[in-house]
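S.K.: Dropping a structure here in structure tokens format, bear with me for questions.
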Amino acid sequence: MIEDMSIRKFAAKAQHDYVQRVKDFATFLGRSPGTAEAENVRRFRLHLTASGAGTPKINATVALRFFFKVTLDRPDLVKHLSFIHEPRKAPIVLSPDEVARFLEAAPGLKYKAALSVAYGVGLRVFEAVSLKVSDIDSKRMMLRVEQARAARIVLRCCRRNRRRVYHGSDTQ
């Protein structure tokens with residue numbers, strides 16, 4: 001399985017997580033996961049649900065999907081590994097008064113400017129602290145934001161809520 005993940009260039013953390021999920025399944029079975037039947041996969045998911053596991057943990061059984069489909073070439077077991085969709089929660093939107101009070105609480109002009117940009121453009125904390133002066137394109141009113149999670153670069157408009165997404169080095 002590790003070789004199969006290496007061929008597909010899985011990140012080290014993803015490989016570790018996938019191996020852990022297969023290990024969890026093996027512990028549940030009490031034997032090699034390679035001997036599993038469709039009913040075992042179903043019972044494992046029921047076990048996770050009954051033990052109070054959240055949606056992300058149950059969806060992490062995608063590792064089993066990879067294990068059965070790619071490593072063992074047993075796609076018959078994959079049909080029991082569907083994703084659970086959880087409705088997204090609406091984001092908290094501050095009123096104009098709340099935003100004004102929030103910005104007034106900033107200890108100095110530098111922090112007020114940073115918080116104004118971060119809130120106005122909708123940056124994550126990591127994106128905001130990673131900003132450099134060279135990321136600002138004042139002529140086009142755009143910010144260049146590198147997103148670590150998605151490994152992409154986003155140009156965000158400062159005037160409107162538009163987002164232009166560029167993958168990799170396609171920024172110029």
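The values are calculated or read from the model by the stated rules, or taken from the named source; none is laboratory data. Owing to the predicted nature of the structure, the values given are computational and were not obtained by experimental measurement. Reconstructed Cβ throughout: ideal geometry from the backbone, glycine too, with neighbour counts over all protein chains shown.
S.K.: Name the residue, out of 9, 23, that is farther than 17 Å from residue 83 by Cα, in the same structural domain as residue 70 (by TED's automatic domain parsing), modelled with pLDDT of 90 or more and not in a helix (DSSP H, G or I).
M.R.: Going through 9, 23 in turn, just one is farther than 17 Å from residue 83 by Cα, in the same structural domain as residue 70 (by TED's automatic domain parsing), modelled with pLDDT of 90 or more and not in a helix (DSSP H, G or I): 9.
S.K.: Does the range 64-114 hold any residues that are exposed (fewer than 10 other Cβ atoms within 10 Å of the Cβ) and touching an Asp or Glu at 6+ places or on another chain (Cβ under 9 Å), and which are they?
M.R.: Listed by number, the list is empty, since nothing qualifies.
S.K.: For the range 31-71, name all the residues that are part of a loop (DSSP other than H, G, I, E, B) and either within 28 Å of residue 6 (Cα to Cα) or of a type in the set (Phe, Trp, Tyr) (or both).
M.R.: 31, 32, 36, 37, 60, 61
S.K.: Would you confirm whether or not the range 86-94 contains a residue that is of a type in the set (Val, Ile, Thr) and more than 18 Å from residue 43 (Cβ to Cβ)?
M.R.: Within the range 86-94, one or more residues are of a type in the set (Val, Ile, Thr) and more than 18 Å from residue 43 (Cβ to Cβ).
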